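*Asks:* Below is one structure. I have some questions about it.
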Amino acid sequence: MIYTADKDRYNNMLYNRCGASGIRLPAVSLGLWHNFGHVDAFENSRAMLRWAFDHGITHFDLANNYGPPPGSAEENFGRMLKTDFAPYRDEMIISTKAGYYMWPGPYGEWGSKKYLIASLEASLKRMGLDYVDIFYSHRPDPDTPLQETMGALHQAVHQGKALYAGISNYTVEQTKEAIRLLTDLGTPLLIHQPRYSMFVRWVEDGLLDLLEDNGVGCIPFSPLAQGLLTDRYLNGIPDDSRIAKSWGFLRKDELTESVLEKIRALNQVAQGRGQKLAQMALAWLMRKKQVTSVLIGASTVGQLQDNLETLKNLSFSPAELTQIENILRS
Ligand SMILES: NC(=O)c1ccc[n+]([C@@H]2O[C@H](COP(=O)([O-])OP(=O)(O)OC[C@H]3O[C@@H](n4cnc5c(N)ncnc54)[C@H](OP(=O)(O)O)[C@@H]3O)[C@@H](O)[C@H]2O)c1
């Protein structure tokens, strides 16, 4: 069926300014790390993408290696762009990244200019795009001068193959240096993409403040801890869950009894707020003024639906926050 976007798609989404830039991102963005590869059902991926765009999600996050197999999420996304979203390209913020292993030999991963520029070119081909909106260095490279990696991001922007530069998984110190280098080059850092959730909070130790002070946006990835911060595992491990899939990145040994206890206790707090746990976990991140958007994943349209419902209750009482803090620290 030919797709036409819902005319009411901008009615209910919140859009937050990304740092001090001209861009606003939806409060919820969709990542294509899982559930969009060739191993997944294409029609389900397509239904999720359509539903997301119909409900105001304008930002879609990819990387060269998303799949499996690596590259297949970009290929599938490219196919959907062509058939469904071509008329809407200017309404979308599409990001991709390079940093993790993509091809053999010394130029197939990390942070050299050689790798980043070649990888971006390949990503554009897979997606059938002339440019991406954000190009990320996916991870810092301990052996390549940061000047070279940031120089590659700058070059991509300078050549019009990306509109903005981003970094992911960089520490506070590395981020400080990246901001300085990119500012000097005239391509200010748009955004940082760190892992951040109720269960992983390193960014609260200086990164959020640094980003705010420098007008850089923040888009936490795995805000639901890959599904742990939902009701998914309350009653065992479902066959269709990320843990159960051989290619899923969530390992069974991460679901320990002590983690389960926390999930159960957090679920109670969420119920007290009239929310699902996933919704409370997302709202808890969104309450931080430095968080531009939360970068979720989903395996069904129903999950997307649940997650957008979050926007209906974003406030926390001091008592709820203390309760949550006590559970997380227990
Ligand atoms: N920069 C990086 O290094 C990096 C690393 C990781 C991720 N990312 C980005 O962040 C995006 C999101 O990561 P993520 O997929 O780990 O995010 P996440 O939102 O923490 O986890 C998504 C998973 O949680 C479950 N879920 C989501 N909503 C649910 C709901 N309402 N109820 C029950 N379960 C629900 C689903 O698991 P099931 O599949 O089991 O249903 C879904 O696949 C990625 O797609 C990628 O774009 C970036």
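The values are calculated or read from the model by the stated rules, or taken from the named source; none is laboratory data. In this text, all values refer to a predicted model and were calculated from it rather than measured experimentally. Here Cβ is always computed from backbone atoms with ideal geometry, including for glycine, and neighbour counts include all displayed protein chains.
*Asks:* Can you list residue pairs whose Cβ atoms sit under 9 Å apart, with the first residue in region 288-304 being in contact (Cβ under 8 Å) with a residue 12 or more places away in the chain and part of a strand (DSSP E or B) and the second being near the ligand (Cβ under 7 Å from one of its atoms) and among the charged types (D, E, K, R)? Count only pairs 6 or more apart in sequence or on different chains.
*Replies:* Leu295/Asp61
*Asks:* Report the residue count in region 1-35 for those that are in a loop (DSSP other than H, G, I, E, B), under 16 Å from the mean Cα position of the chain (by Cα) and among the charged types (D, E, K, R).
*Replies:* 0
*Asks:* In the set Asp141, Asp133, Asp90, which member is touching a strand residue (DSSP E or B) at 6+ places or on another chain (Cβ under 6 Å), of a type in the set (Asp, Glu) and closer than 21 Å to Ala165 by Cβ? Reasoning before the result, please.
*Replies:* Details: Asp141 fails: touching a strand residue (DSSP E or B) at 6+ places or on another chain (Cβ under 6 Å); Asp90 fails: touching a strand residue (DSSP E or B) at 6+ places or on another chain (Cβ under 6 Å).
Matching residue, one of Asp141, Asp133, Asp90: Asp133.
*Asks:* What are the pairs, 6+ residues apart or on separate chains, where a residue within region 222-242 that is within 7 Å of the ligand (Cβ to nearest atom) has its Cβ under 6 Å from a residue that is of a type in the set (Phe, Trp, Tyr)?
*Replies:* Final answer for the pair search is Ala225/Phe199.
*Asks:* Then there's this: Can you say whether Leu163 is surrounded by fewer than 21 Cβ atoms within 10 Å (Cβ to Cβ) and assigned to a strand (DSSP E or B), as far as the supplied structure shows?
*Replies:* Answer is yes for this residue.
*Asks:* Okay, next question. Under 9 Å between Cβ atoms, which residue pairs at least 6 apart in sequence (or on different chains) link something in region 162-174 that is closer than 13 Å to Leu146 by Cα with a partner that is of a type in the set (A, V, I, L, M) and assigned to a strand (DSSP E or B)?
*Replies:* Listed pairs, sorted by first residue: Ile167/Leu189; Ile167/Ile191; Gln174/Ile167.
*Asks:* Separate question: Determine whether Arg89 is under 20 Å from the mean Cα position of the chain (by Cα), within 16 Å of the ligand (Cβ to nearest atom) and not in a loop (DSSP other than H, G, I, E, B).
*Replies:* no
*Asks:* Here is a follow-up. Could you give me the residue pairs with C-beta distances under 7 Å whose first residue belongs to region 247-275 and is assigned to a helix (DSSP H, G or I), whose second residue is among the acidic types (Asp, Glu) wherever it lies, and which are 6+ apart or on separate chains?
*Replies:* So the pair list comes out as Asn267/Asp231; Val269/Glu320.
*Asks:* Quick one: would you say Glu261 is among the acidic types (Asp, Glu), more than 21 Å from Gly67 (Cβ to Cβ), within 15 Å of the ligand (Cβ to nearest atom) and surrounded by fewer than 15 Cβ atoms within 10 Å (Cβ to Cβ)?
*Replies:* No, not satisfied.
*Asks:* Would you check if there is a residue in region 202-218 being surrounded by fewer than 21 Cβ atoms within 10 Å (Cβ to Cβ), without any contact (Cβ under 8 Å) to a residue 60 or more places away in the chain and farther than 21 Å from Val294 by Cβ?
*Replies:* yes
*Asks:* For region 166-194: of the residues being under 12 Å from Leu211 (Cβ atoms) and among the hydroxyl-bearing types (Ser, Thr, Tyr), which is surrounded by the fewest Cβ atoms within 10 Å (Cβ to Cβ)?
*Replies:* Thr175
*Asks:* While we're here: Given the criterion crowded, with 23+ Cβ neighbours inside 10 Å, touching a strand residue (DSSP E or B) at 6+ places or on another chain (Cβ under 9 Å) and under 15 Å from Ala5 (Cβ atoms), identify the matching residue among Ala52, Ala98, Ala63. Quick ask: steps written out before the conclusion?
*Replies:* Details: Ala98 fails: under 15 Å from Ala5 (Cβ atoms); Ala63 fails: under 15 Å from Ala5 (Cβ atoms).
That would be Ala52, the only listed residue that is crowded, with 23+ Cβ neighbours inside 10 Å, touching a strand residue (DSSP E or B) at 6+ places or on another chain (Cβ under 9 Å) and under 15 Å from Ala5 (Cβ atoms).
*Asks:* Just one of (1) within 14 Å of the ligand (Cβ to nearest atom); (2) in contact with a helix residue (DSSP H, G or I) (Cβ under 6 Å, 6 or more places away or on another chain) trips up Trp247, so point out which.
*Replies:* The single condition Trp247 does not satisfy is (2).
*Asks:* If you check Gly206 against the conditions, is it under 22 Å from Trp284 (Cα atoms), at pLDDT 95 or above, more than 11 Å from the ligand (Cβ to nearest atom) and in contact with a Gly (Cβ under 7 Å, 6 or more places away or on another chain)? Explain how you work it out, then say what you get.
*Replies:* Working: under 22 Å from Trp284 (Cα atoms): yes; at pLDDT 95 or above: yes; more than 11 Å from the ligand (Cβ to nearest atom): yes; in contact with a Gly (Cβ under 7 Å, 6 or more places away or on another chain): no.
For Gly206, the condition - under 22 Å from Trp284 (Cα atoms), at pLDDT 95 or above, more than 11 Å from the ligand (Cβ to nearest atom) and in contact with a Gly (Cβ under 7 Å, 6 or more places away or on another chain) - is not met.
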